[in-house]
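Some notes on the structure that comes next.
The values are calculated or read from the model by the stated rules, or taken from the named source; none is laboratory data. Computed from a prediction, not measured in an experiment: that's the story for all the values here. Here the Cβ is made from the backbone with ideal geometry for all residues, glycine too, and neighbour counts use every protein chain on show.
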Amino acid sequence: MQYRPTAAELLADIADLLDDEVLDAVGGPLQHRVRVAGNLARILEREVRLAPVADAAEAERLRALLGRDGTLVELRAALAARLGDPTPFDADTERAVHAALVATTRADLAIAKPGHDDWSRG
């Protein structure tokens with residue numbers, strides 16, 4: 001059974017409270033801190049909601065790219081080690097690495113800075 005409200009819903013409610021009620025009730029430096037707190041709550045809400053799917057997709061991309069299994073932390077470390085190796089990638093692997101890094105960056109931006117995850121090459 002899923003209990004309501006969810007963590008994501010609670011975080012969204014906290015952000016709404018800070019933005020819609022508390023922000024206008026305070027002034028000076030505290031107003032900036034309330035705005036930052038509301039933004040942090042919104043980032044956390046998106047992380048709770050989006051990160052599980054994004055992490056699973058990243059792990060699947062890295063498994064395919066690296067040809068091995070492991071946790072997301074292990075796969076990220078393996079990719080970082082390979083990127084640090086001066087041996088160049090062949091053209092197909094380089095394209096696959098680029099595509100994987102772009103997909104991961106887009107997923108991270110969707111959480112941290114929505115709207116910045118949608119760009120096209122031009």
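Within the range 82-104, does at least one residue satisfy the condition of being under 18 Å from R49 (Cα atoms), surrounded by 11 or more Cβ atoms within 10 Å (Cβ to Cβ) and within 18 Å of the chain's Cα centre (by Cα)? Yes; the residues of the range 82-104 include at least one that is under 18 Å from R49 (Cα atoms), surrounded by 11 or more Cβ atoms within 10 Å (Cβ to Cβ) and within 18 Å of the chain's Cα centre (by Cα).
Selection of the range 58-83 for residues being farther than 19 Å from K113 by Cα and touching a residue at least 40 places away in the same chain (Cβ under 8 Å) yields only R61.
For the range 105-122, the set of residues classified as loosely packed, with under 14 Cβ neighbours inside 10 Å, under 18 Å from the mean Cα position of the chain (by Cα) and free of Cβ contacts under 8 Å to residues at least 24 places away in the same chain consists of T105, K113, G115, H116, D118, W119, listed by residue number.
Listed conditions (1) among the polar types (S, T, N, Q); (2) over 29 Å from A8 (Cβ atoms); (3) surrounded by 12 or more Cβ atoms within 10 Å (Cβ to Cβ) are all met by Q31, apart from (2).
Being surrounded by 11 or more Cβ atoms within 10 Å (Cβ to Cβ), closer than 25 Å to W119 by Cβ and either touching a Gly at 6+ places or on another chain (Cβ under 8 Å) or modelled with pLDDT of 95 or more (or both): is that true of I43 here?
Against the criterion (surrounded by 11 or more Cβ atoms within 10 Å (Cβ to Cβ), closer than 25 Å to W119 by Cβ and either touching a Gly at 6+ places or on another chain (Cβ under 8 Å) or modelled with pLDDT of 95 or more (or both)), I43 qualifies.
Considering only the range 5-24, I want to know if a residue exists there that is under 30 Å from A99 (Cβ atoms) and either surrounded by 15 or more Cβ atoms within 10 Å (Cβ to Cβ) or among the acidic types (D, E) (or both). Scanning the range 5-24, I find at least one residue that is under 30 Å from A99 (Cβ atoms) and either surrounded by 15 or more Cβ atoms within 10 Å (Cβ to Cβ) or among the acidic types (D, E) (or both), so the answer is yes.
Could you please find all residues in the range 86-117 being more than 19 Å from R61 (Cβ to Cβ) and not small (G, A, S)? Result: P86, T87, P88, K113, P114, H116.
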